[in-house]
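**Q** Next up is a structure, given as structure tokens.
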Amino acid sequence: MSAVWLHVGQCGNQIGEEGWQILTRENVPHAEADPYPFCSPDGKLSAICVDSEPKVVRKLQKQVKSGSFRENNLIVGKRGRGNNWAYGYHGLHSATEKNLLERTMESLRKEVERRDCYCGTVLFHSLSGGTGAGLGSRLCEAIRDKYSLGQILSVTVAPHQAGESPLQHYNSLLCLSWLQRHVDGVLRFQNDAMLRRTAALLGKKAPVSDMQPQVSLSAMNTYVASCLAGLLYPLKAFTTGSGISMGMEPWELLRSVCPMPTMKFLHIAQGCKRGTVFWDSLAASVVHSLPRESHAGQPLHYSTSVLAVARSYQEDTFLLSRDSVLRKLKQAYRCVPWNPFPLSCWTDSLNIVEPGCHSHSLTICANQGSSAELLQQVVARAEAMYKTNTYLHWYWRYGCEEADFQQAFETLCSVADDYSRLGE
Ligand SMILES: Nc1nc2c(ncn2[C@@H]2O[C@H](COP(=O)(O)OP(=O)(O)OP(=O)(O)O)[C@@H](O)[C@H]2O)c(=O)[nH]1
Ligand SMILES: [Mg+2]
């Protein structure tokens with residue numbers, strides 16, 4: 001595979017751990033693709049796991065012993081970055097901890113050199129943790145600078161809207177603006193939406209109507225991991241005749257759904273079904289979970305482009321209903337009239353999400369106007385705090401400047417504006 005997979009901070013590593021369990025499943029029936037598309041030639045995963053505190057990455061040590069992770073690619077510091085983007089971005093000025101940024105870039109260089117052909121990096125992180133957001137932003141910038149021809153795909157988790165950390169809105173603001181400037185696409189997952197979706201899939205209800213249902217982080221991470229596997233697991237279409245995976249899925253995804261460099265925030269939805277499948281109704285159930293309108297009641301969800309990936313051991317059943325499914329998706333995602341080819345569709349006969357269960361999955365990635373809502377919420381909340389100087393001293397202390405905030409506000413407002421005007 002031509003990608004290096006970089007996990008940063010607690011969330012980035014926990015999602016990665018869940019993801020690798022699915023992506024490296026052994027003995028998968030009908031697996032015609034290269035069995036080790038994610039590894040370098042010596043059989044170790046092309047993954048780098050970084051965190052400023054040791055506890056999450058240390059758990060992966062077991063997998064170093066079993067041979068999957070490379071010991072030098074588990075990079076830890078001594079203490080966390082206190083949910084502070086500035087602390088994560090600028091790092092520790094202390095002799096007690098060797099620079100995490102330099103160590104990560106050195107591991108990345110070695111991984112890139114181990115690949116026959118390096119096409120880019122897939123970065124996993126949260127938007128609001130000090131390490132995931134701050135160090136993650138710094139890494140995007142450094143990778144873009146050093147490997148300017150490679151692409152960067154970010155897999156990012158936005159925090160719950162309420163009740164997490166008082167600094168989450170500043171961290172999200174700064175991180176989103178760095179992503180906009182330095183990466184090619186952002187697969188965005190939002191903890192609130194994911195919690196509702198996972199609860200619905202598990203059949204859980206909230207004890208009281210205005211409360212969130214109880215769902216574990218691990219169940220939510222499994223959902224993220226299965227969406228990623230649905231989108232990025234090697235397909236026959238990108239595999240050579242001799243069965244070698246070209247590893248082009250992340251980069252082909254970017255080509256399909258990020259046709260314009262200014263709009264790169266992607267919404268993902270997935271539905272799975274065991275037994276007999278009616279693809280039209282599976283598509284309808286996926287579409288049902290889409291964000292429909294903004295709080296102001298304005299419809300938001302025009303899309304510039306949509307990619308649908310259908311995986312099923314009965315691939316031909318999908319091909320028979322392909323036209324009607326795509327028609328349904330085009331309507332539900334409200335594809336913009338100025339894109340003559342807004343829909344792409346990939347299929348494969350292996351459903352890696354649930355192999356061996358006679359199951360089918362439909363995963364949809366859309367460059368969709370609902371991103372404006374996330375961006376506007378982050379800007380509004382960060383701006384309210386910024387105007388009253390709330391908590392800003394934490395950012396000045398670690399080297400942030402007013403210009404960083406000003407530029408971030410401007411960047412996000414302009415992207416939100418572009419997204420909300422999609423239908424015009
Ligand atoms: N979905 C999901 N969200 C997580 C997980 N772990 C943390 N988060 C979210 O990530 C945010 C906090 O970021 P972390 O990744 O814990 O922080 P970090 O990157 O380790 O940074 P510091 O601890 O501040 O150095 C919060 O919004 C959490 O809800 C996880 O396993 N799954
Ligand atoms: Mg942490």
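None of the figures in this text is laboratory data; all of them are computed from the coordinates on show. Quick caveat, the model's predicted, so the values are computed rather than measured. In this analysis, Cβ positions are derived from the backbone assuming ideal geometry, glycine residues included, and neighbour counts consider all displayed protein chains.
**Q** What percent of all Cα-Cα pairs in the range 130-223 falls into each 5 Å bin, going from 0 up to the bin containing the maximum distance?
**A** 2, 12, 20, 19, 16, 12, 10, 5, 2, 1, 0
**Q** Here's something else I'd like to know. Once label points are set 7 Å from the Cα along Cα→Cβ at both Arg25 and Glu402, what is their separation, rounded to one decimal in nm?
**A** 5.5 nm
**Q** Something else about it: What are the residues whose amide H is under 5 Å from the amide H of Cys335, where those residues sit 5 or more places off or on another chain and H is modelled from the backbone?
**A** Counting only residues 5 or more places away or on other chains, the set is Ser303.
**Q** Give me the number: length gained by fully extending Ala237 to Arg109, i.e. 0.36 nm times residue separation minus the C-alpha to C-alpha distance, one decimal in nm. Before the final figure, lay out the partial values.
**A** Working: separation 128, 0.36 × 128 = 46.08 nm, distance 2.92 nm.
Working it through step by step, the gained length comes to 43.2 nm.
**Q** May I pose another question? Mind jotting down the distance between the C-alpha centroids of the range 2-24 and the range 231-265, whole Å?
**A** When both Cα centres are located, 18 Å separates them.
**Q** Given the range 313-424, report the % of alpha carbon pairs whose separation exceeds 25 Å. Walk me through the intermediate numbers first.
**A** Working: 3147 of 6216 pairs.
Every Cα pair in the range 313-424 considered, those over 25 Å come to 51 percent.
**Q** Taking the DSSP beta bridges in the range 3-257 as the whole, what percent of them are antiparallel, to the nearest 5? Before the final figure, lay out each step's value.
**A** Numbers: 2 of 27 bridges.
Given both bridge residues lie in the range 3-257, the antiparallel proportion sits at roughly 5 percent.
**Q** Count of lysine pairs in the range 3-257 with Cα atoms under 18 Å apart, counting only pairs 8 or more residues apart in sequence or on different chains?
**A** 10
**Q** Between Ser285 and Met385, with labels modelled 7 Å along Cα→Cβ, what's the label distance in nm to one decimal, could you check?
**A** Rounded to a tenth, the inter-label distance reads 3.9 nm.
**Q** Can you check what the net charge comes to around Leu375, using other residues whose Cβ is under 15 Å from the Cβ of Leu375 (Lys, Arg +1; Asp, Glu -1)?
**A** Values: positive: Arg181, Arg188, Lys264, Arg381, Arg421; negative: Glu373, Glu383, Glu410, Asp417, Asp418.
Combined, the nearby Lys, Arg, Asp and Glu give 0.
**Q** Among Asn72, Asn84, Asn13, whose mean-square fluctuation peaks in a Gaussian network model of the chain (Cα, cutoff 10 Å)?
**A** Of the options given, Asn72 has the highest mean-square fluctuation.
**Q** While we're here: Just the projected area, averaged over all directions, of the convex hull on the alpha carbon atoms of the range 373-420: how many nm²? Intermediate results must be reported in sequence, preceding the final value.
**A** Working: hull surface 13.1 nm².
It is 3.3 nm².
**Q** Using the Cα atoms as the points, what is the convex hull volume per residue of the chain in Å³?
**A** Values: hull volume 61.6 nm³, N = 424.
Spread over its residues, the Cα hull of the chain gives 145 Å³ apiece.
**Q** Could you tell me the ratio Rg/Rh of the range 34-154? Both radii from Cα atoms, Rh via Kirkwood. Could you put the intermediate results ahead of the total?
**A** Numbers: Rg = 14.4 Å, Rh = 15.0 Å.
Reported Rg/Rh, Kirkwood definition of Rh: 0.96.
**Q** Taking the Cβ-Cβ separation of Thr317 and Thr262 as r and a Förster radius of 45 Å, what is the calculated FRET efficiency to the nearest 0.05? List each step's numbers first, then the result.
**A** Details: r = 38 Å, r/R0 = 0.85.
Here the calculated transfer efficiency is 0.70.
**Q** Hey, what number do you get for the chain at 222 nm if only DSSP H runs of n ≥ 4 count, each worth -39500 (n - 2.57), divided across all residues, to the nearest 500? Don't skip to the answer; put the middle values down first.
**A** Details: 15 runs with 177 residues, N = 424.
Theoretical 222 nm ellipticity from helices: -13000 deg cm²/dmol.
**Q** Same structure again: Taking 2.2 N^0.38 Å as the expected size of a compact globular protein, what ratio does the Cα radius of gyration of the range 268-369 give against it, to two decimals?
**A** Working: Rg = 13.9 Å, N = 102, 2.2 N^0.38 = 12.8 Å.
Dividing the Cα Rg of the range 268-369 by 2.2 N^0.38 Å gives 1.09.
**Q** Then there's this: Tell me, in nm to one decimal, what length is gained between Lys146 and Leu202 on full extension, where the rule is 0.36 nm per residue of separation less the Cα-Cα distance? Show your work: numbers first, answer last.
**A** Values: separation 56, 0.36 × 56 = 20.16 nm, distance 4.35 nm.
Stretched out fully, the Lys146 to Leu202 stretch lengthens by 15.8 nm.
**Q** Val183's amide H: which non-local residues (gap 5+, or another chain) put their own amide H closer than 5 Å, with H modeled 1.01 Å from N in plane and none for Pro or chain starts?
**A** The answer is none.
**Q** Quick check: Cα centre of the range 58-131 to Cα centre of the range 352-424, how many Å?
**A** 23 Å
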